[in-house]
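Just so it is clear, none of the values below were taken in a lab; they were calculated from the coordinates. From a predicted model like this one, the values you see are computed outputs, not experimental measurements. Cβ sites come from the backbone with ideal geometry, for glycine too, and all protein chains shown count toward neighbours.
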Amino acid sequence: MAVSWKSWFSVILPVVLLPIPLHFKTEAAWCAYLMIWMASMWTTEALPLPVTSIIPIIAFPALGLMSSAQVTKFYLDDIGFLLMGSLALASAVESSNLHTRISLKTLLTVGTSTYRLVLGTMAVTMFLSMWIPNTASASIMGPVALSVIDQVFHNDLPTSESLVDKKGGAKRHARKVLQKSKRVEGIMMLAVAYSANIGGTGSIIGTGPNLVLKAQLDTLYPASTEVTFGSWMLYNAPVMAVNVFLGFLFLSLILFFALRNVQVNKDSERSIRRSLQEKYDRLGPMTFAEYVVVFILTATILVWFSMRPQFMKGWADYIPYGKLIKPTAPALFLTLLLFTIPKTPGRLENLETILTWPALQQKMQWGVMLLLGGGLALADLCKTTGLSRMIAEKLMVFKDFSPMVTVSCLCFAASLLTEVTSNTAICSIMLPVVAQIAVAIRVNPIYLMMPIAIACSFSFMLPAATPVNAIVYDLAHMNIPQMALPGIFMNCICVAVEILAINFYGTHVYGLDTFPAWAETNNVTIISS
């Protein structure tokens, strides 16, 4: 009977790694054993990522490292409920069809020339990806972009009567236009992929690595209060916008060469505008449900942003017990409203609420929640067993390099690693180690952890890197070089912008020029050089 390599690897790996803890016979050695085992399983995906993530629930109590009650609290903690609240908002946006109205209206506003369509598509996809899963925004905008590009070139194809041209000129022209159409389709799909992946970095709920960073900061450095919803947007939203705009300029350059010597029918622009306007008109006036979703989404953003913006006092500082309130509480309160307000008030035959539990269940990313929990459990175990201290001792070599060189190397490494495995898994593996590097070289942990988490979203080269890449790869029928070659440049552009941002802009937002007191209190012994 044939057995896949994944099955063999899953069985053999933990056995091969056993000499590590059996030789050293310390809790830190068992922690290192589990970390290497889980990191290898996450990287190779020998088991599904969520399945690997439940290993701590089994292994930690069995090895006497942590009780079951202590381990399981990481799997549905405050960050898990925050993810649930954000997914509820995303479900409400989709169920009310608000995303369709936003996308069509933006494209009509920006314009319908080829370059403006690319810009409009990227702007819409970026905005949607800040609030709903990147996969959903790509699934929404991909087909819209393809239909628009089809219209651009459809009017320029010769009619069947003209194909009888004896010299074959019409046929050659048709082939040429179709070839250019395929190239432009690929460029438009890359625009969707780039803006979806980058857009997820703009808010703390935008994508998995963002939540991993916030959760691990809370676990490793409980006294740290710098990274809030407001400070995240203050730093990351401008960087996100710059990266998307540079992505647009990069794709525009490729588009210029793709459309060189091709005269697209001037009627195409008017035809596209008519088509988009017809689709928008079919939506009719905004429904009650759409108005409610807009209000709740706006209210949620404002409440989160103004809660503890860091650069000024927030509303949580003025109310009793405000220090006990985290973003989860207002998010879930506003989510409750979506379950209570009817979709069409006044119609007794339809009392369905704006959001229903079955709709939310379909959107729940249970795998991501388990992945977050597994990473948090490992991070906490590293601290409690003393493995963090041992790592810090071994990483003093980084004192010979400037912090900018260190963060540059780590960012490029994170970006490349996420091309071959889950960005959330790579972030979960890297951040505990990166936190110890920061303590070892005496820099603010946020200085290293923030750009590494963001760089994990810069995966533009391979379809296997993210579900977004896989979606656009399939829709545009690309080959690997068509995605990988421009993806290399886009990876480098975004990582370079992030490195510059954290060294100049991030220093002012987060006060990264000093080593914070809350990092001193972490359970890591600082080794003098």
Put in order of increasing Cβ neighbours within 10 Å, starting from the fewest, M122, M490 give M490, M122
Normalized C-alpha radius of gyration of segment 1-72, against 2.2 N^0.38 Å?
1.16
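Can you compute the charge dipole magnitude of the chain about its Cα centre, using +1 on each Lys and Arg Cβ and -1 on each Asp and Glu Cβ, nothing else charged? Give it in debye, rounded to the nearest 20.
Values: 35 positive and 28 negative charges, 243 e Å.
Computed about the Cα centre, the dipole is about 1160 debye.
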Of the candidates S408, M369, F398, the farthest towards the positive dipole end of the chain (Lys/Arg Cβ +1, Asp/Glu Cβ -1, centred on the Cα centre) is S408
Cα Rg over Rh - the chain, Kirkwood
1.01
Given H placed on each backbone N at 1.01 Å, which residues far from T353 in sequence or on other chains put an amide H within less than 5 Å of it?
K343
Loop-only check: which chymotrypsin sites (Phe, Trp or Tyr not before Pro) in segment 352-441 are DSSP coil with at most 15 other Cβ within 10 angstrom?
F401
Rounded, prolate or oblate, given the Cα gyration tensor of segment 322-436, with a/c below 1.5 counting as rounded?
prolate
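Which helices, counted as full DSSP H runs in the chain, have an axial Cα extent of no less than 30 Å and a Kyte-Doolittle average of 1.0 or above?
Numbers: long enough: 169-199 (44 Å, -0.16); 229-258 (41 Å, 1.76); 480-510 (40 Å, 1.23).
Those that clear 30 Å and a mean of 1.0 are 229-258, 480-510.
Give me the extension gain from S113 to M364: residue separation times 0.36 nm, minus the current Cα-Cα distance, reported in nm with one decimal. The partial results should precede the final answer.
Details: separation 251, 0.36 × 251 = 90.36 nm, distance 3.78 nm.
That pair, S113 and M364, stretches by 86.6 nm at full extension.
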For the cross-link pairs K326/K363; K326/K383; K323/K399; K182/K343, which exceed 30 Å when the distance is taken from alpha carbon to alpha carbon?
K323/K399; K182/K343
Answer with one residue from F489, L82, L276: the one whose Cα lies farthest towards the positive end of the charge dipole of the chain, charges on Cβ with Lys, Arg +1 and Asp, Glu -1.
L276
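Only four residue types carry charge here, +1 at the Cβ of Lys and Arg and -1 at the Cβ of Asp and Glu. Report the dipole size of segment 281-411 about the Cα centre in Debye, rounded to the nearest 20. Could the numbers behind the result be given before it?
Details: 12 positive and 8 negative charges, 72 e Å.
So the dipole magnitude of segment 281-411 works out to roughly 340 debye.
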In whole Å, largest first, the alpha carbons of segment 422-529 cover along the principal axes 54, 26, 23
